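Right, one structure below, let's go through it.
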Amino acid sequence: MSTTPPIQPPGGPPPYVPPPYQSQPPGGAPLYTTPPPYMPPGGPGYQWQGTVPTAQYASVGVRFVAILVDGLIIGIPLLVIEAILGFAGSPVAALLNALAYFLYEGLLLTSWNGQTVGKKLMSVRVISADGQPLTTNKAFTRTGVKAILSVAGSIKPPFTSFLGIASLLDYLWPFWDANKQTWHDKAAGTYVVKA
């Protein structure tokens, strides 16, 4: 291969030869500049204006009273209905109780900003782990895990002791958990806080 420049063909235009590389055009302005750093909306010095949730966790005692009130509200009418229909204390009654409580708590947590009647009475509410109000999915996940553990705890021997202990541990867990969460809180990504 030849290192000599191409020869102009007779009668034609000269061959293209690129100009030498220049770091600056004749006017002194650079050909390329580094773009400015990204600035979020609001311009220089913009700071996040949101608030970090500073809610205090509800105590185990307050939570217990709220659960007791809700249990009485839903449990007494169910007990009367089950006695009239003649299946009180049966596995069908356990499933009916779990389903009724699932609907009661799930619907109220969703529509009453994370509160049931008992939680409203005790001035506590359930919130998402990010501090936002509960979504329907989180409310029913939390309530569903609680209902499953409740039904599992009511199964007759030989599994009663193991499943009953698992159901009991769900409610005792906040005593030693740093975030005062039960297993159903952990499953749904929720906290119970003072309202």
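A short reminder: the numbers here are calculations on the coordinates, not readings from a lab. In this text, all values refer to a predicted model and were calculated from it rather than measured experimentally.
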Given the Cα atoms of region 60-194, and with Rh set as the inverse mean 1/r over their pairs in the Kirkwood sense, what is Rg to Rh to two decimals? 0.97
Lysine-lysine proximity count for region 60-194, Cα under 20 Å, sequence distance 8 or more or distinct chains: 18
Pull up all non-local amide H partners of V124: gap of 5 or more, or a different chain, and H-to-H distance under 5 Å with H placed in the peptide plane. A195
